[in-house]
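Notes follow once the structure below has been shown.
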Amino acid sequence: AHAAPAEAFDAIIVGAGFSGLYQLHRLRDGLGLRAVVLEAGDGIGGTWYWNRYPGARCDSESYAYSYSFSKELEQEWEWSERYPEQPEIMRYLNHVADRFDLRRDIRLGTRVTAARFDGRENRWHVTTAQGGQLTAPFLITAVGCLSTANVPDIPGLESFAGEWYHTGQWPRGGVDFTGKRVGQIGTGSTGIQAAPVIAAQAAHLTVFQRTANYSIPARNAPLTEEQKRHIKANYDEIRRITRASTNGHPFLISPRSALEATPEEREALYEAAWRHGGLQFRATFGDLLVDKAANDTASDFIRDKIRGIVKDPEVAEKLVPLDHPFATKRPPIDTEYFETFNRDNVLLVDVRADPIREITPRGVRTRDHEYPLDIIVFATGFDAMTGPLLAIDIRGEDGQSLREAWADGPRTYLGLQVAGFPNLFTITGPGSPSVLCNMPVAIEQHVDWVTDCIRHLRENRLARIEATGAATDRWVAHVNEVADATLLPLAGSSWYLGANVPGKPRVFMPYAGGMARYRTICDEVAAKGYEGFQLGA
Ligand code: NA7
């Protein structure tokens, strides 16, 4: 029997989150391409579709965590809170999909399992788990950076008599914690958002902490009418700042050194930032991420805050982060996280001191204790950046797999292309600044760059583009050099380094040179006729 012929497109986009939606809009409505989006989920939204755990909220300010490509969209949409909650982001993305008539080119419930490049015809051949075969000259992955759940391999999980969930694969109907004894493993951004909400509903919550974390109060609140008016009236200026800033946020990092300020001045500035809340705390001084002594001043300030909030001094000491400098792991922001440990129904277990040994039918057993539980929540993060790409069997020109090419860690040019994999573009790929940035800002830049590149190829009747090995070597060296100039690699357990997934190569994956600088580099590469890429007919 002959296999059904593959469906032919001009471009195939994998994923219908922030990236995939915008990429479809640009290629279809901007360039007039026949493009299709393949999405594993039964709804659009990507990372936000799956991360519907209690307390799920964005750490970027709502009005900046949005698309900037349409002034009408910007003016029409109204954010209700300072930080958008997961359902509100879903409403926003669904509104975008409807407003730009994107759904007709999105196939839901369609998981891409393999993609192979045929160098004779310069086309990608894509296979889906549903048995589909599609082909197109261009393949664009918009698979997200935090979308492959990392469930730790703890012996006995299958024997657990209760229910267990990973926060990134949360059931659609939600989970009722009423009257339940809940165990939460993990205290990253997710765990820090979830714990207060779970504790308020459950009979009892045990938080299993491996690494204590710094967290800044979010100070979330509804946006006032005055704020909403101000945002809409000043959107051009807000966007200008997000594009000029290091991290794509609507604030700039102070150029001043923490060490130049007097202790009193520092204290006052940190106190003001603590009261203001949010990621802006990092922007207080310019050298917090490059100078350990400067960082110590911020880290110590937060440690003292934790000691001030948590009433039991022993619990407080366990919550005080000592093993990494502030913001070298992605800093969480929270709503009453440390306060949660003052509740009678919350217990903190330090699994560095008393490691988890196994999961039993009854609960979690550490070396010294057994904790009986009805529900276990894994807030244990993701196989970040490379996980979702390597989940697809991607094969380049000579049949080499991406997994082989990245055996020692990811290697890209600009985070956008991989040598040996022509016409494949990786939106927010490793080696790009995406995860160190307010995501939509990074995403729009990537998508715009890829769109311009494809336009250039088509206008010049070029059939292929591929990163050269030399340009890749230079970029990888640059990514390392830039990271090494910061304190970021000092956080031994960070997912930036792949350190949270056993066996994953330890490579600092994001580009730490800042979004604004990255944008300039990408623009220069394009202006020089796509320097570092080999273009072919
Ligand atoms: P993170 O930031 O990777 O946090 C995962 C947490 O789970 C972290 O506290 C880990 O401890 C902990 N963890 C992971 N595996 C284990 C095992 N086996 N035992 C105990 N504890 C474990 O993921 P999040 O979902 O919170 O946040 C991801 C990003 O989403 C975040 O950075 C924002 O950008 C948004 P560890 O620190 O590794 O010792």
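Working ranking of peptides 416-425, 458-467 by packing, defined as the average number of other Cβ atoms within 10 Å per residue, highest first, is 416-425, 458-467.
Considering only the Cα atoms of region 229-363, their convex hull presents on average a projected area of 12.1 nm². A cut-off of 5 Å between modelled amide H atoms, ignoring neighbours fewer than 5 places along the same chain, links Thr113 with Thr127, Thr128, Ala129. Helix 515-527 axis versus longest C-alpha principal axis of the chain: approximately 10°, rounded to the nearest ten. In a simple Cβ point-charge model (Lys, Arg +1; Asp, Glu -1; nothing else charged), region 196-255 has a dipole of about 140 debye relative to its Cα centre. Packing-based ranking of 180-193, 209-222 yields 180-193, 209-222, ordered from highest to lowest mean Cβ neighbour count within 10 Å. Here the dipole of region 1-132 is about 500 debye; that uses its Cα centre as origin and unit charges on the Cβ of Lys and Arg (positive) and Asp and Glu (negative). With distances taken between every two different alpha-carbon atoms, region 213-273 has a Kirkwood hydrodynamic radius of 14.4 Å. Once the Cα-Cα distance is subtracted from the 0.36 nm per residue extended length, the Glu358 to Leu259 segment shows a gain of 31.0 nm. Take each peptide in 429-438, 162-171, count the other Cβ atoms within 10 Å of every residue, and average; sorted highest first, the result is 429-438, 162-171. Pairs of Cα atoms under 8 Å, at least six residues apart: use those to get the relative contact order of the chain, whole percent. For the chain, the relative contact order is 19 percent.
As a calculated quantity, the FRET efficiency between Asp101 and Ala470 at R0 = 30 Å, using C-beta atoms, amounts to about 0.10. Relative to its Kirkwood radius, the Cα radius of gyration of the chain gives an Rg/Rh of 0.96.
Here the 3J(HN,Hα) profile of region 218-227, calculated from phi with Karplus coefficients 6.51, -1.76 and 1.60 at θ = phi - 60°, is 6, 6, 5, 6, x, 6, 7, 4, 4, 5 Hz, Gly and Pro shown as x. Translational diffusion of region 86-159, estimated by Stokes-Einstein from the Kirkwood radius over alpha carbon pairs at 10 °C in a medium of 1.306 mPa s, is 100 µm² per second. Counting pairwise Cα distances across region 8-74, what percent come out greater than 13 angstrom? The calculated P(r) of region 8-74 puts 70 percent of pairs beyond 13 Å. Remark: region 493-507, residue by residue, has Karplus-estimated 3J(HN,Hα) of 9, 7, 6, 4, 9, x, 6, 7, 10, x, x, 6, x, 7, 9 Hz, where x stands for each Gly or Pro and the curve is 6.51 cos²θ - 1.76 cosθ + 1.60 at θ = phi - 60°.
Database remark: amide H of Asn150 closer than 5 angstrom to the amide H of Gly381, Phe382, Asp383 (H placed geometrically; neighbours at sequence offset of 5 or more, or on other chains; Pro and chain starts carry no H). Among Met439, Met90, Met515, the ranking by other beta carbons within 10 Å of each residue's beta carbon, starting with the fewest, stands as Met90, Met439, Met515. Cβ-Cβ distance of Glu7 and Ser70, R₀ of 30 Å, FRET efficiency by 1/(1 + (r/R0)^6): the value works out to about 0.50.
Dividing the C-alpha radius of gyration of region 339-424 by 2.2 N^0.38 Å, with N its residue count, gives 1.77. Using the Cβ-Cβ distance between Asp312 and Ser159 with R0 = 30 Å, the FRET efficiency computed as 1/(1 + (r/R0)^6) comes to roughly 0.35. With distances taken between every two different alpha-carbon atoms, region 107-251 has a Kirkwood hydrodynamic radius of 20.6 Å. Here the label points at Ala114 and Ala527, each 7 Å from Cα along the C-beta direction, are separated by 4.4 nm in the simple model. Take the Cα coordinates of region 382-511, assign each an equal point scatterer, and use the Debye formula without solvent to give log10 I(q)/I(0) at q = 0.15, 0.17, 0.18 Å⁻¹. Values returned for q = 0.15, 0.17, 0.18 Å⁻¹ are -0.72, -0.93, -1.03.
The amide H of Arg464, built 1.01 Å from its N in the peptide plane, has Gly536 as neighbours under 5 Å, considering only residues 5 or more places off or on other chains.
Counting beta carbons within 10 Å around each of Cys522, Cys145 and listing the fewest first gives the order Cys522, Cys145. Using Cα atoms only, what is the angle between the long axis of helix 235-244 and the major principal axis of the chain, expressed in degrees (0 to 90) to the nearest 10? The two axes meet at around 90 degrees. Residue separation of Ala203 and Arg458 scaled by 0.36 nm, minus their Cα-Cα distance, works out to 85.7 nm of gained length.
Other residues whose C-beta falls under 10 angstrom from the C-beta of Ala203 contribute a net charge of +1, scoring Lys and Arg +1 and Asp and Glu -1. Taking the square roots of 5 times each eigenvalue of the Cα gyration tensor of region 166-302, largest first, gives ellipsoid semi-axes of 33, 23, 14 Å. Roughly speaking, what % of Cα-Cα pairs in region 320-359 are separated by over 11 Å, rounded to a whole number? More than 11 Å apart: 78 percent of the Cα pairs in region 320-359. Between 0 and 90 degrees, the angle of helix 292-309 with respect to the longest Cα principal axis of the chain falls at about 50 degrees.
Here, each number is a calculation from the coordinates, and none is a lab measurement. This one's a predicted model, so the numbers in the text were calculated from it and none came from an experiment. A quick note on method: Cβ atoms are made from the backbone with ideal geometry, for glycine too, and the neighbour counts reach across all protein chains shown.
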